[in-house]
Every structure is written in C-alpha cells, then in structure tokens.
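Each remark here refers to the structure printed beneath this line.
The values are calculated or read from the model by the stated rules, or taken from the named source; none is laboratory data. Just so it is clear, the structure is predicted and the values come from calculations on it, not from any experiment. Neighbour counts run over all protein chains shown; Cβ positions are idealised from the backbone, glycine included.
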Amino acid sequence: MMIRKRALALCLARALSGLAAVAGSPVVLAADDAQEPGADAKASDETSRLDVITVTAQSRAQEMQEVPIPLQIVTAKQIDTLAATDLSRMSLFVPGLVVNGEQPTQPNYQIRGISTDDFGVGTESAVGVYIDGVYAARSGGALLAFNDVKRIEVLKGPQGTLFGRNAAAGAISIITNEPSSTFEDRARVRVGNYGRQYIDGLLNLPLRDDMALRFSVVDNQGEGWIRDAANATRYGGDDDWGTRAAWRWNATDDTRVLLSWDHEKLDQLPKAAIGLIPLANDPYQRPPFPADPSTFLDPLHAPLYNDTVDPRESRRFDGATLSIDHAFGWGNFTSTTAWRDFDTLNRGDYDGTNHIVSYLSTANIESNSSWYQEFKFAGNTALMDWVAGASYYNEHARQTSQTDIFTDGIDTLALNLSPAPTPDGTLYGYLSQVLALNGFPNTLLGEPWREQIANNGRFKAYAAYGDVIWHLGSNWNLTTGVRFTRDEKTFSWFNAPRQAPGLDATLAQLQAAGILDLIGIPIETFQQNLVFTDAVGVPVTFKDSWNDTSPRVVLDYRFTPDVMGYVSATKGYKAGGYNSVQVASRFEPEKVWNYEAGVKSTFPEYGLLLNASIYHYDYDNRQSLTLDPNTAGSGVPRYLVSSSNQKADGLEIEVQWAPTDALRLDFTSAYIDSTYGHAIAPSGVDLGGEPTGEPRWSMSAGFAYTWRAILGGNVEFDLSHAWRGKSRCNADSVLQGNCQVSPNFSVGSAQQRTDARIGWTSDNERFGVAFFVNNLFDKRYVTGVSNISATVFGTPYALITPPRMWGIEALVRF
C-alpha cells in the first residue's frame, strides 16, 4: 500500500510538471532568510532549487510545506517584482483572494467567494486581517501601504481556532521585518507615467549586542490617470506616506522585548464615478427617467464629470505593539499588547454627473480606537506540539454616514417618483417661480440639503483557545483545536433631522411674511427627512452578546519525507452585528463549516513543488451589502445588509518548478462552484440555488529567468500573468451592477493582467536598476455599475480599472 501511494503521488507530480513548464505563479519562489524568533529553518536538500519559507500560520514557526492548511505566501520579492504598494494592487495574482482597494478607506476582502462588503462599523469582516498577529478591526484601517513587509500569509478557509476574531472565510496575516543584529540600509526611488513618484527607505541599526532599532519610511504619490472633463481634475492618484519604527531588546538570553510603532497619512481624491447617461453641458438638464440601458455610454470611453463639494478620501493611522517573549524550561510564553487609533473620511460622487438637479454625494466619517491583549503559551514534547492562550479585545468605533443633495435634486425626486401637487410637479422650483412673479427676491433652489446617521459602537471580545498537534507515529499527526469566544456589543444610532440652514433661513422669512400660509403649504412639508427616515431625532441603542465554540480537527500523514496528505474539518465564526444606516437592525453571527482534503509535496531532485486541495463549505447567515431599490417603502434606494446561506465546492492547485538555478516557473489555479441556499434579495427575488456571482476559475502564472555575470551583476526578467473568469450571474445581479446591464459594454467579464519587469542588481547587491510595466497589454474592465442613484435620478455610474502603467526604479544600499 505504501509503495502504491508513493507511486501515485509521483505520477501526479510528473503529470502537472508539464503544465508548470508553460505557466506559473509568482508566489513563494523568493528566499525568506530571516527566521521567526527561536525558529530553526528546515535545511533543504542540497540538490533542491526550491526555497524554504518559514511561516507562523499555526502560531508556531513551521516550514510552509509542513502546515496542513491551504495557504499561499506573498513574499517581499513578489511585492517588489510587481511594484505593488498595497495588497489590492496584486491580489489578482493570488487566485481565490480578491482585495478591492478602489476606496482604500473602505476596502473589501474576499477569500473563496466569501466576503462582507459592508464598511459600516456595526458589521465585522468575514476575512480576518492581522498585522504581526494583531487583528485589524475595521476596514478603514485594514488596507495600509506596504512598509517593510517580510511576507504575507494568505490562509484559506476558517482560521478562527488560532487567529481568533472574524476569520470565518480565511485570514490574511501580514508579517513585518524585525530589527536584526546586522547593519542594513536602503533607499529606493520609482518614477513613472501619470506623475507617479514612490520613495522608500530603511535603516536597521544595531545599538548593542542585545539591542537593535529598525526604521522605515514610504511615500507614494501619483497625479491620477483619469481627468474630469469639466475642470481637468485628475482622479485615480495616490497621496500616501507612512513610517514604521521597531525596537528589539534581548533583555536576557531567554527574554525578548519588541516594541513597534506605525504611522500612516493618506489624503487623496476619492474614486472616479463615470456617468453612463449622455447629457448636454447644462447643469439644470434632468436625466431621462427611467434610465434606458440601450443609451448607456461605454465607461471605458465616456467623459468623467464629478461635482462633489470637497471630494476627499483621507486617513490618519497610528498603532503601537509591544511583544514580550520568554523561554521557560517547559516552553515559551508570549505577551502581545496592541493599540490602534485612526480617523477616516471618504466623500465622493454617487451620480456621475455635474448637474445640480441630480447631485448626490455621500460621506463616511469614521473614528476608531482599540486595545488588544493576548497571552500565549507554547511547547513541545515527543508526543505533541501545543499552543494555548487567552485574549481580550476592546474597541470604540464611531461613524457618521452623510448624504448630500440640493433642493433642485429634491424636485427631480418628486418628478420621478411622486410629482408634487403643483402645475409643473416640482416643489421648490414652482414656489421659487411664484415668489419671483410676485416680486419677492427669495428662491428655494440651489440650497444644500444633508441627512446623516451617527453610530457609536463599543465592542468587547474575550477568547480562550488551545491547539495540539499529536504525534501519533513516525508518519501520522492529529491536530485538535478549539476556541471559546464571547462577544459583547453596545451599538447606537442617531438619525438627525435633515440639515439645510440656507433653506431654513429663507423658509423662516416666508413664514414670518405669511407667504407659506397664503399658498397653503405648511413649513413641516419642507423639513422632513427623505433619505434616512427611521426614528428621526430619537436615539436608539441595542446591547447584545454572543458565545461561540469553534473547533478544528486535522489528520495528516507523510507518505514520504517530502509528500504529505491531510484531511480537516474546521468551523468558522463571525460575530453578529448591526447595519449602520438601518436603525434598530440586528443580525446573528455567521458560521461556516469547512471540510478539506489536500496534499503538499516537494520533489527536490526535480526542483518541483506540488500542492493541491479540495474543499466543501456550508455558510450560514452570511451578511452582504446589497441594494434595496425601495427602502422601507420610501421609494429611496439604500444599500442594506441582507442575510443568506451559501455553499461551495472548490479545488486549488499550486505548482512550482525550478528546472535550473536560472529558470523558475509557477502556476496557481482555483476553481469554485458557489451557490445560494436560502436567500431572498432586498428586491424580493428568491436566489435559492442560484450562483453567488463568484467566477468558477481564477489562475496566475509566472516566469523568471536570471542572467548572471552581466556588467558586474545579475539581470533578472520576470513575467507574471493573472486571469479571473467571468462572473456567474443570478436574478439580482443586474440590480447590484455585477453583470451585463447594457449592450454597449461588458460588466462581470473575465479579466486578465500581465506584468513585466527587468532589472539589474550588482553582485554585492548595493546597486540596482529596473524597468517595470503593470498591465502590459493595457487591458481595461468595468468592475461594476452602481444603481444607487439610478432608481431615483436615472443616473447609474460605473467604475473601471486603471490603464497600463510603467516606471523605472533605482535602489542603493550605502
């Protein structure tokens, strides 16, 4: 039986190696020399051309191929090869992972088709993002610029047992570099088209034999790749800089203290909303209603008109982490204390026009502070490797959601949805005409109107966990783990009365003059909320708590020293919560059961690595942000959180082949069949049994070749290609803007991107130059259509991907 299993594994590897020869992924094949504290790197076979990477996916330092979890590693080399400044700029090259960073203060993370795209502070993310082991609580502080990153571990499937909070779909673990005992310095500059300028610098300074300081800085600037046709303002640019400082002290031979501090400042224009309705250059022209998809403009070629008052996307982030490790005779103890604090503002255009009669902008203003404390114990014996610990999390989140229109737009709403009882169907326009005809200087048009909901959330989470790898024999391991979690949340809404100070001043004059009484319209008619209509002026507070027990069981077997198979069953959990813009809304926790089988194998004599896994999951009570075209019967649409049950079956394959020291090829692919169980869309459509929208296939490939001894150094050429299949549409996809909405352009089509880089590095690695291109073949796509204003103003808008970008890079170590 043993011989048969080894033969099958070898035959499978040989069959896939042919595929690897023509396609590959740029993931993993870069050296990761620095080890985790106390970790011993597994020595690779002398004939192997594959790099050994140590990971901490199971809260232990382990060689990647020893971990019975489907994971992909994004190395520092891969980040540099793609010239990526954050994870959203390269996630297409990690099949199964989607990071939408069109709004960096409101990103969306997705693993294996599971995400929570609500950026409200009442809703958690289904994908846990952890930076040096510390949970990034809110989306507003979860997508930061890369700054001295060592590697990124993308763990697929539930990871709640070890990682904890809200890793129901998977976890993204970002590990930064620690101060080392070796002096190190670096300065790097990139310049490119669209005014891109990028600078980063690093200084690692040993202070004493037992102490070191590491400081890094990054500054990313860009003028933008799309112009507003009315005022030449350029959108799509970057204005982001950050610093990181880390101090390490080996207080004794057994005790290490690590203190780090991060600061980031982002201040740029928001996303560009490209209108789909052909309009004349007349700010008082009302779009035709309802909108006719056959007349939509192609957003890839349409002019941009955004007229948001004070458009802005900004963030100020600060964080500090204190880690203390101590080795006892029986094992290790680690204490992690972390503080995070950030403020964000996102104000952008939501109608895609520069016409005051259809003006709609929204703003999300967030302020967040959190504390995290974890105590972890770990040890190993001949029988087992074990980890146990407890954690406490305390967060204070505040958010204000604003919607801004003008009184001209309220008249448009009236005309489109419920004409006013006036001769022309408008309210403010008609009354302004009446006043003008009677010699009054007052007008009710052109007045700004704002509505907003303020939220205040206080969240606490307590957890205790344990995870044991039982060594059942020379080849068998059984992993058992469990986490007990208690979440306590207090959440409030305050829906303020609408704000229109200029309008109120005019109305007060008309009321005092008796004009409103004369025309028979009470002043209250002009004072009612139109967008946020629930519990106006009445504070509402909920307090809830949830308990959960999440286990995992993994059985792995080593067919040979380099071939391991495993099966697992794991439960994931995400805390319940609230919809920030729907007063008194509440939903229960999300839970997922994931069943997986996989193989991890290396064949050092061939320079070959092969990993594969199959899985099935059942996801209950998944929360997603979807458009409700008629919120609470008001006729005004809003994005609300809806619940559904989902299930999926999937397959993932990763192949790496290094036939020579100079040549490396990679291929990674993910297949998923994701469908709804019980699901009723806000529009009333029954989605049961229909696809969730996730494409069946995604894949990436990579090629790298090095020429040595060229001008006193090495020249390396890298070519990376990624492909993601078309969306699988359902009965609600058109309303949500995820699939085909017009014959004039494609939405939800398959996407591909090719990046290339050629660079020279001196033999002593002190100097380097490179030329790189992102999106080499200038492939452009419509990523989605927003109908938030389409059902009231007739003004849908679209978002598109950036064009080809290129740049040159210079690096020096002093």
Out of the residues in the range 489-516 meeting the condition of being assigned to a helix (DSSP H, G or I) and in contact with a helix residue (DSSP H, G or I) (Cβ under 8 Å, 6 or more places away or on another chain), tell me which one is farthest from Q582 (Cα to Cα). I515
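Each row is one residue, and each column tells you yes or no for (1) modelled with pLDDT under 95; (2) within 14 Å of G457 (Cα to Cα).
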position	(1), (2)
R398	no, yes
T403	no, no
D408	no, no
D411	no, no
L417	yes, no
Condition check for N193: at pLDDT 95 or above, under 20 Å from the mean Cα position of the chain (by Cα) and under 24 Å from T801 (Cβ atoms): no
Return yes when S580 is buried (at least 20 other Cβ atoms within 10 Å of the Cβ), at pLDDT 95 or above and among the polar types (S, T, N, Q) and no when it is not. no
Answer residue from the range 531-548, given it is modelled with pLDDT of 95 or more and hydroxyl-bearing (S, T, Y) and is nearest to V482 (Cα to Cα) among those: S545
List every residue pair whose Cβ atoms lie under 6 Å apart, where the two residues are 6 or more positions apart in sequence or sit on different chains, the first residue falls within the range 252-279 and is under 30 Å from T344 (Cα atoms) and crowded, with 21+ Cβ neighbours inside 10 Å, and the second residue, located anywhere, is at pLDDT 95 or above and among the β-branched types (V, I, T). S260/T321; A272/I226; G275/T353
Of (1) under 30 Å from Y578 (Cα atoms); (2) in a strand (DSSP E or B), W470 fails just (1)
Looking at (1) small (G, A, S); (2) surrounded by 14 or more Cβ atoms within 10 Å (Cβ to Cβ); (3) over 30 Å from M384 (Cβ atoms), can you tell me which one A505 breaks? (2)
Lone qualifier among G237, G242, G224 - being on the phi > 0 side of the Ramachandran plot, of a type outside the set (S, T, N, Q) and under 28 Å from the mean Cα position of the chain (by Cα): G224
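To keep it simple, each residue is scored yes or no on (1) more than 21 Å from R227 (Cβ to Cβ); (2) free of Cβ contacts under 8 Å to residues at least 12 places away in the same chain; (3) surrounded by 18 or more Cβ atoms within 10 Å (Cβ to Cβ).
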residue: Q285; (1), (2), (3): yes, no, no
residue: A302; (1), (2), (3): no, no, yes
residue: D318; (1), (2), (3): yes, no, no
residue: T336; (1), (2), (3): yes, no, yes
residue: A363; (1), (2), (3): yes, no, yes
residue: Y372; (1), (2), (3): yes, no, yes
residue: K376; (1), (2), (3): yes, no, yes
residue: A382; (1), (2), (3): yes, no, no
Any residue that is modelled with pLDDT under 95 and in contact with a His (Cβ under 9 Å, 6 or more places away or on another chain) - is there at least one of those in the range 255-276? no
When you scan the range 698-730, how many residues do you find that are in contact with a Ser or Thr (Cβ under 8 Å, 6 or more places away or on another chain) and assigned to a loop (DSSP other than H, G, I, E, B)? 6
Candidates A513, A612 - the one that is among the hydrophobic types (A, V, I, L, M, F, W, C), more than 25 Å from E124 (Cβ to Cβ) and at pLDDT below 90: A513
Can we say A704 is over 23 Å from the mean Cα position of the chain (by Cα) and either among the acidic types (D, E) or over 30 Å from N416 (Cβ atoms) (or both)? yes
Elements of type strands (runs of 3 or more DSSP E) contained in the range 763-806, each with 1 or more residues being surrounded by 15 or more Cβ atoms within 10 Å (Cβ to Cβ) and free of Cβ contacts under 8 Å to residues at least 60 places away in the same chain: 767-774, 782-786
Mind checking which residues of the range 713-742 are more than 29 Å from V74 (Cα to Cα) and either modelled with pLDDT of 95 or more or of a type in the set (G, A, S) (or both)? A731, S733, G737, S742
Go through the range 731-752 residue by residue and tally those that are touching a Leu at 6+ places or on another chain (Cβ under 8 Å) and surrounded by fewer than 22 Cβ atoms within 10 Å (Cβ to Cβ). 4
Determine, yes or no, whether S585 is more than 24 Å from the chain's Cα centre (by Cα), hydroxyl-bearing (S, T, Y) and surrounded by fewer than 22 Cβ atoms within 10 Å (Cβ to Cβ). yes
Out of P695, P659, P682, sole residue that is under 21 Å from the mean Cα position of the chain (by Cα) and not in a strand (DSSP E or B): P695
Of all residues being in contact with a Gly (Cβ under 9 Å, 6 or more places away or on another chain) and among the hydrophobic types (A, V, I, L, M, F, W, C) in the range 342-361, which is surrounded by the fewest Cβ atoms within 10 Å (Cβ to Cβ)? Just the residue, please. I356
So for the range 445-461 (the condition being part of a helix (DSSP H, G or I) and either surrounded by 22 or more Cβ atoms within 10 Å (Cβ to Cβ) or modelled with pLDDT of 95 or more (or both)), does at least one residue qualify? no
Please determine whether any residue of the range 429-438 is within 40 Å of the chain's Cα centre (by Cα) and either modelled with pLDDT under 95 or in a strand (DSSP E or B) (or both). no
Please work out if A212 is surrounded by 22 or more Cβ atoms within 10 Å (Cβ to Cβ) and more than 27 Å from Y465 (Cβ to Cβ). yes
Quick one: which residue in G101, G133 is modelled with pLDDT of 85 or more, under 29 Å from D718 (Cα atoms) and not aromatic (F, W, Y)? G101
Of all residues in the range 231-251 being small (G, A, S) and more than 12 Å from R315 (Cβ to Cβ), which is surrounded by the fewest Cβ atoms within 10 Å (Cβ to Cβ)? A232
Subset of the range 549-559 that is hydroxyl-bearing (S, T, Y) and either modelled with pLDDT under 95 or within 29 Å of the chain's Cα centre (by Cα) (or both) - its residue that is farthest from G160 (Cα to Cα): T549
Among the residues of the range 517-564, which ones are surrounded by fewer than 13 Cβ atoms within 10 Å (Cβ to Cβ) and assigned to a loop (DSSP other than H, G, I, E, B)? G520, P522, Q528, G537, V538, P539, P561
